[in-house]
1. What are the residues in the stretch 75-91 that are over 18 Å from residue 241 (Cα atoms) and within 21 Å of the chain's Cα centre (by Cα), if any?
2. If you take the residues in the stretch 155-181 that are more than 14 Å from residue 134 (Cα to Cα) and outside any helix (DSSP H, G or I), which one is modelled with the lowest pLDDT?
3. Hey, among 94, 61, which residue is within 24 Å of residue 171 (Cβ to Cβ), over 16 Å from the mean Cα position of the chain (by Cα) and surrounded by fewer than 20 Cβ atoms within 10 Å (Cβ to Cβ)?
4. Can you tell me which residues in the stretch 8-18 are more than 16 Å from residue 286 (Cβ to Cβ) and at pLDDT below 75?
5. So residue 194 clears everything in (1) under 24 Å from residue 52 (Cβ atoms); (2) in contact with a strand residue (DSSP E or B) (Cβ under 9 Å, 6 or more places away or on another chain) except one condition, right? Which one?
6. What are the residues in the stretch 237-251 that are under 18 Å from residue 286 (Cα atoms) and either touching a residue at least 60 places away in the same chain (Cβ under 8 Å) or in contact with a strand residue (DSSP E or B) (Cβ under 6 Å, 6 or more places away or on another chain) (or both), if any?
7. Any residue at all in the stretch 53-62 that is closer than 27 Å to residue 280 by Cα, in contact with a helix residue (DSSP H, G or I) (Cβ under 6 Å, 6 or more places away or on another chain) and in contact (Cβ under 8 Å) with a residue 12 or more places away in the chain?
8. In the stretch 124-141, how many residues are farther than 16 Å from residue 291 by Cβ and either in contact with a strand residue (DSSP E or B) (Cβ under 8 Å, 6 or more places away or on another chain) or buried (at least 22 other Cβ atoms within 10 Å of the Cβ) (or both)?
């Protein structure tokens with residue numbers, strides 16, 4: 001490994017760890033942090049604005065974005081199938097654990113890594129993954145946890161309208177007015193720091209109650225996600241930043257939103273919290289290896 005590669009890996013990992021560490025220290029000092037309010041800001045304002053401003057300033061081709069979106073759908077579906085088989089073999093309820101296995105943390109950790117590793121191109125591709133995951137998590141994921149399906153859930157997601165509006169500008173070959181672009185850029189820029197701070201706070205407050213089960217399922221999430229990413233990247237013939245972003249996002253730890261759904265529907269929240277803690281800690285420890293593999 002060259003000194004240049006080590007420096008590149010450090011420049012990607014350090015900001016993520018430091019920002020999450022600030023959130024962790026904030027919580028350990030007993031400072032107040034409203035996780036529910038932060039989540040509402042992210043899902044209702046910051047994420048839609050970042051998606052809109054990134055897509056309307058595309059620095060990658062529409063074909064590349066389409067490939068990433070389709071590859072993302074395949075990764076989520078494949079992890080859903082793998083997770084279902086594992087849970088069925090282990091005789092564990094899918095409504096409690098399947099969302100955590102399907103939906104990784106492509107926002108809190110994945111987007112900063114994509115941006116730092118591959119620049120604005122990586123962020124645009126990472127946003128495609130994040131948008132697909134957000135739609136899936138707040139429709140498929142929440143309905144699995146609830147044990148029922150509601151099509152109306154899709155219409156209540158601001159991300160949907162941000163995608164539709166951005167695609168309208170892209171198809172029309174037009175750019176949004178400057179005041180719209182600047183407003184959405186300012187609001188969207190709070191997404192990554194807010195999510196990293198929230199991640200750190202969550203790590204300081206969540207507890208692991210059944211470490212054996214949580215560790216086994218965490219291994220499925222991390223190893224399975226990476227294996228699925230490799231397979232899908234090979235199937236789609238992805239190269240360069242596209243392949244790197246797909247592997248990064250697919251190998252991410254359990255998303256924090258899964259804990260919120262587990263709490264809301266009383267689906268083994270302590271076990272889901274354990275999976276979040278274990279997968280996040282292991283991911284942070286193995287990030288240099290992952291980046292060494294994906295970086296050119």
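The values are calculated or read from the model by the stated rules, or taken from the named source; none is laboratory data. What you are looking at is a predicted structure, and each value in this text was computed from that prediction instead of being measured. Note: ideal-geometry Cβ built from the backbone for every residue, glycine included; neighbour counts use all protein chains shown.
1. 76, 77, 78, 79, 80, 81, 82, 83, 84 - these are the residues of the stretch 75-91 that are over 18 Å from residue 241 (Cα atoms) and within 21 Å of the chain's Cα centre (by Cα).
2. Here is the first cut: in the stretch 155-181, the residues more than 14 Å from residue 134 (Cα to Cα) are 164-181.
Subset that is outside any helix (DSSP H, G or I): 173-177.
Details: 173: 79, 174: 83, 175: 87, 176: 91, 177: 91.
It comes out as 173.
3. Values: 94 fails: within 24 Å of residue 171 (Cβ to Cβ).
Of the residues listed, the single one that is within 24 Å of residue 171 (Cβ to Cβ), over 16 Å from the mean Cα position of the chain (by Cα) and surrounded by fewer than 20 Cβ atoms within 10 Å (Cβ to Cβ) is 61.
4. 8, the sole residue that qualifies.
5. Of (1) under 24 Å from residue 52 (Cβ atoms); (2) in contact with a strand residue (DSSP E or B) (Cβ under 9 Å, 6 or more places away or on another chain), only one is false for residue 194: (2).
6. At the first step, the residues of the stretch 237-251 found to be under 18 Å from residue 286 (Cα atoms) are 244-251.
Across the stretch 237-251, the qualifying residues are 244, 245, 246, 248, 249, 250, 251.
7. In the first step, residues of the stretch 53-62 are kept if they are closer than 27 Å to residue 280 by Cα; the result is 54.
Still in the list and also in contact with a helix residue (DSSP H, G or I) (Cβ under 6 Å, 6 or more places away or on another chain): 54.
Next, from what is left, pick out any that are in contact (Cβ under 8 Å) with a residue 12 or more places away in the chain: 54.
The answer is yes; a qualifying residue exists.
8. Going through the stretch 124-141, the residues farther than 16 Å from residue 291 by Cβ turn out to be 124, 127-141.
Now narrow it down to the ones that are either in contact with a strand residue (DSSP E or B) (Cβ under 8 Å, 6 or more places away or on another chain) or buried (at least 22 other Cβ atoms within 10 Å of the Cβ) (or both): 124, 127-134, 137, 141.
The number of residues fulfilling the criteria is 11.
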